[in-house]
Structures are given as C-alpha cells and as structure tokens.
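Participant: One structure coming up, written as structure tokens, with questions to follow.
Only the coordinates and a few stated rules stand behind these numbers; no lab work does. On a predicted model such as this, the values are computed, not experimentally measured, just so you know. Here the Cβ positions follow ideal geometry from the backbone for every residue, glycine too, while neighbour counts run over all protein chains shown.
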Amino acid sequence: MSDEIRVGVAGLSHDHVWHELDQWRKQPHVALVAAADDEQALLDRVSSEFAPGACYGDWREMLDKQTLQFLQIAGGNSESAEIVECAAAKGVHIIVEKPMAATLEQAERMLAAAQKAGTLLLVNWPTAWSPTWVEMARRVQAGEIGEVRYTRYRSAHSGPVAIGCSPQFVRDLTTPSINGAGALMDYCCYGANLAALLLGRPNRVTGLRGFLGTEPAYAASDDNAVITAQYPHALAVCEASWTQPVGYAGSNPVVYGSEGSLAIHHGKLLLQRPGANEVEINVPALESPWRSGPEAILHYAATGAAIEGFCSPIVSRNAQEILQAGLDSSNTGSIISLQQDAR
C-alpha cells in the first residue's frame, strides 16, 4: 500500500509491549514491519503473535536496514537513550515506555535528540489513557480547586514476581543498572509525572527507599520508596511498593487545592469544596485520538501539534528529575535542591 505506515519495535522485554503492539495493530494502514531484541524467546513470541516483516537480534541493524516512520521502544530503561538518539537522527517518531529513562542524564539526551531532529517523542504513561486521570488533571489545570497545594499518588502491588511479570521484565526491573532503581523508579514515577504535570519542577526533593520484604529478587535495589517534592506553595508525595498484598485504602491519587480537592476513589472521580458534600463527577469516555499511545502519536504526526499532558517529553523529563533527585536523596540522606532555570 502506498499509504502504509511503517512501524518497528526496539526491545521486547517490557511487558507493556504486547498491549502496545495490539494497539498499533488496531490503527488503519499501519504495518509492523520489523522487531528487534537480543533474546530469541521474545522474537519468537512477537513473530507468533504479530508477524512482523523481519526480526533482528540488534536494533541497530534494524534501523540500518529498515525505513521506519514510527518506533516503539520497550526494553530496559537504560537502553532508551541510545535508541532514541539513533532513531531520531533518521527522522523516526518514537514512543517509549514510562519512565523515559533510567537516569536524568539519559532523559535529557533523549529530549535533546528529538528536539534537534524535529521528531516526536511520546512517553507512554498508562495514566494518560485513563478517563478518570485525564478528567482529574483537566479540572485541576482549569482551576476548579484553586491553586494546587498537595498531590499524592501511591502505586503499589505485591511485586513483579508475585503478579507474574515475565522473567525478562523482572530482570530489568530488579537490576539497578538497567532500571535505575527498583520500586522507586518503577512506581514512584507515576506520582512524579502527576506532580510534574500539575506543578512543574520542584525546588527541593527528598527520598527514602528500602528492601522491606522477603523476595530475594528485589534485594539488589528496593521494594518500597517514598519521594517528596517541595514547591513554593505545594508539596507532592510519590509512593511506591512491591510488597502491598491488598488493594488501596482511601482515595488515590488525590489533589488538594486552595478551594477544594479532587480524588479518585475506587474508580470514581470525587470533588469536594469547603462547606459542601463530596460529589461524584461524571467522567466522559476518551475518544479518538486520545485512547492509546499509537493513536495519539499518529495524530500528533499528522497535525504537527506538540505532545501535551502526561506524555509530553518535557513533563516526563521533569518527572525523571524528581526521580533522580529522590534516588540521590535516598542514597545520601540529604535534601536535594534543584537549580531553577528558564526550563
């Protein structure tokens, strides 16, 4: 087809990739023409389930031999920067899984490469495709609860081993040189992204992390973490756990403002104002092109619009800065002050 949109995937160890490839398959005139990973078992699976035109044991060879318009990156966090630099230089638009990198330095390289090449870099935060999260953020940014004073999100489950993540994904998540940290990087990132979207870059960050459970796979990194970010008129709390065996108690996430609060409570979006009863907000369903990363990046590419919201590479870079500062704080026991500039 002359209008065929050529898509490749670099890295298959991130378990989100299978859902994302299914989303690509749903887009009209899209063909998965190539996949690359250095593990044959993952190439066998992608061949069986998605039948890409060609498979490669090295993403560099794929980028050299294939003409791609879009690339899905779904390997370990530490791999993303080099892939983005090479793909962006070839004019390829990119989706990368959250968080965008293992370190702030890597995230900034990715942002710079996309900006230099004039290509799209969309960071695929699952919260961006949640109607309740999107409506909550929209209302906060519209000023419905006044000036934001506090945000909090706890992301938790009983651990990647317990919930059945693939061996490759468990390896990536629990190897600090690949993931950047453990639960801190994997799950504090959601709270950091929320804070970065609603509040921007903080002035100071503190972090605590530890190995609190018994799963030996997590001992090299951390299985619980808390990051707090301080702004001139607000605080943000980012919590993570791989040792939570039960569901959430209370509202999660929650945003308090000078004129009220918005919170998600067991799937419902709740608004509370001073002197009034809490009310449930009707949340509209997400419509095209805002239902998935592939759908959104195709729209951005077609319209020339800048990526906004949770998936913005600038917001995601700022979230990475919070994560990096939280990690540095947890390692040193000190408060990390961030240099403020015109960013």
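Participant: Using only the alpha carbon atoms of the stretch 22-68, find the Kirkwood hydrodynamic radius as the inverse mean reciprocal pair distance, in angstroms to one decimal. Don't skip to the end; give the middle numbers.
Facilitator: Working: mean 1/r = 0.0903 Å⁻¹.
In the stretch 22-68 this quantity evaluates to 11.1 Å.
Participant: Between rounded, prolate and oblate, where does the stretch 1-132 land on the alpha carbon gyration tensor, with a ≥ b ≥ c its root eigenvalues, rounded for a/c under 1.5, else prolate if a/b exceeds b/c?
Facilitator: Numbers: a/c = 1.29, a/b = 1.22, b/c = 1.06.
In terms of gyration-tensor shape, rounded.
Participant: What order, most packed first, do the peptides 6-14, 106-114 have when packing is the mean number of other Cβ atoms within 10 Å of each residue?
Facilitator: Details: 6-14: 25.4, 106-114: 21.1.
Ranking, from highest mean packing down: 6-14, 106-114.
Participant: Right, another one. In whole Å, how far is the Cα centre of the stretch 188-227 from that of the stretch 6-21?
Facilitator: 25 Å
Participant: Just need the relative contact order of the stretch 1-117 here, percent rounded to a whole number, with Cα pairs under 8 Å and 6+ apart. Please list the in-between numbers first.
Facilitator: Details: 196 pairs, mean separation 30.7, N = 117.
It comes to 26 percent, rounded to a whole number.
Participant: Identify, among Ile94, Ile145, Ser158, the residue whose Cα sits farthest towards the positive end of the charge dipole of the stretch 68-205, taking +1 on the Cβ of Lys and Arg and -1 on the Cβ of Asp and Glu, with the dipole about the Cα centre.
Facilitator: It is Ile145.
Participant: Residues of the stretch 222-266 with backbone nitrogen within less than 19 Å of a virtual label 7 Å along the Cα-to-Cβ line of Gln339, please, listed as ranges.
Facilitator: Answer for the stretch 222-266: none.
Participant: Right, next: Going Cα to Cα from Lys116, which lysines come in below 28 Å? Please leave out same-chain ones fewer than 8 positions away.
Facilitator: Filter leaves Lys65, Lys90, Lys98.
Participant: To the nearest 10 degrees, how steep is helix 40-50 against the longest Cα principal axis of the chain, on a 0 to 90 scale?
Facilitator: 90 degrees
Participant: Let me ask something else. With the radius of gyration and the Kirkwood radius both derived from the Cα set of the chain, what is their ratio Rg to Rh?
Facilitator: Values: Rg = 19.8 Å, Rh = 20.5 Å.
The Rg/Rh ratio comes out at 0.96.
Participant: Restricting to bridges with both residues inside the chain, how much of the DSSP beta-bridge set is antiparallel, in percent to the nearest 5? Mind showing how you got there, number by number?
Facilitator: Details: 33 of 61 bridges.
The answer is about 55 percent antiparallel.
Participant: Can you tell which of Cys55, Cys188, Cys238 shows the greatest fluctuation in a Gaussian network model of the chain with Cα springs below 10 Å?
Facilitator: Among Cys55, Cys188, Cys238, the largest GNM mean-square fluctuation belongs to Cys55.
Participant: Quick one: net charge of Ala36's neighbours, Cβ under 9 Å, K/R +1, D/E -1? Walk me through the intermediate numbers first.
Facilitator: On the way: positive: Arg60; negative: Asp37, Asp38, Asp58, Glu61.
For residues surrounding Ala36, the net value is -3.
Participant: Evaluate E = 1/(1 + (r/R0)^6) for Ala220 and Ala142, where r is the Cβ-Cβ distance and R0 equals 35 Å; express this FRET efficiency to the nearest 0.05. Numbers along the way, then the final one.
Facilitator: On the way: r = 44 Å, r/R0 = 1.25.
The value I calculate is 0.20.
Participant: So, in nm, how far is label Asp58 from label Trp290 when the simple model puts each one 7 Å beyond its Cα toward the Cβ?
Facilitator: Output for this residue pair reads 4.3 nm.
Participant: I've got another one for you. Can you pull out the chymotrypsin sites (Phe, Trp or Tyr not before Pro) in the stretch 189-273 that DSSP calls coil and that have at most 15 other Cβ atoms within 10 Å? Walk me through the numbers before you get to the answer.
Facilitator: On the way: sites: Tyr190, Phe211, Tyr218, Trp242, Tyr248, Tyr256; in loops: Phe211, Trp242, Tyr248.
Listed in order of number, the matching sites are Tyr248.
Participant: With only alpha-carbon pairs counted, each pair once and no self-pairs, how large is the Kirkwood hydrodynamic radius of the stretch 79-126 in angstroms? It would help to have the intermediate numbers written out before the result.
Facilitator: Details: mean 1/r = 0.0975 Å⁻¹.
Over the stretch 79-126, the inverse of the mean reciprocal pair distance is 10.3 Å.
Participant: Where does the Debye-calculated log10 I(q)/I(0) of the stretch 70-208 sit at q = 0.09, 0.10, 0.17 Å⁻¹, using only Cα point scatterers of equal weight, no solvent?
Facilitator: Results for the stretch 70-208 at q = 0.09, 0.10, 0.17 Å⁻¹ read -0.31, -0.39, -1.07.
Participant: Using alpha-carbon pairs under 8 Å, 6+ residues apart, how would you state the relative contact order of the chain in percent?
Facilitator: 19 percent
Participant: Return the single residue from Ser48, Ser166, Ser258 with maximal mean-square fluctuation; model: Gaussian network over the chain, springs between Cα atoms under 10 Å.
Facilitator: Its mean-square fluctuation being the largest, the pick is Ser48.
Participant: For the stretch 184-256, what is the convex hull volume of the alpha-carbon atoms per residue, in Å³? Write down the numbers at each step before the final one.
Facilitator: On the way: hull volume 6.6 nm³, N = 73.
Cα convex hull per residue, to the nearest whole number: 90 Å³.
Participant: Between Glu280 and Ser158, what FRET efficiency comes out of the Förster formula 1/(1 + (r/R0)^6) with R0 = 25 Å and r the beta carbon distance, rounded to 0.05?
Facilitator: Values: r = 29 Å, r/R0 = 1.17.
Taking R0 as 25 Å, the efficiency between Ser158 and Glu280 is 0.30.
Participant: Ok, one more. Go through 122-133, 139-150, 293-304 and give me the packing order, highest mean Cβ count within 10 Å leading.
Facilitator: Working: 122-133: 22.1, 139-150: 15.6, 293-304: 17.4.
Per-residue mean Cβ counts within 10 Å order the peptides as 122-133, 293-304, 139-150.
Participant: Please work out whether the stretch 220-305 counts as rounded, prolate or oblate from its C-alpha gyration tensor, where a ≥ b ≥ c are the square roots of the eigenvalues and a/c under 1.5 means rounded, while otherwise a/b larger than b/c means prolate and anything else oblate? Kindly include the intermediate steps, with their values, before the conclusion.
Facilitator: Working: a/c = 1.65, a/b = 1.17, b/c = 1.41.
Oblate.
Participant: Given a Förster distance of 25 Å, report the FRET efficiency between Lys26 and Thr303 from their Cβ-Cβ distance, rounded to the nearest 0.05. Can you show the working numbers first?
Facilitator: Details: r = 20 Å, r/R0 = 0.78.
Efficiency at R0 = 25 Å is approximately 0.80.
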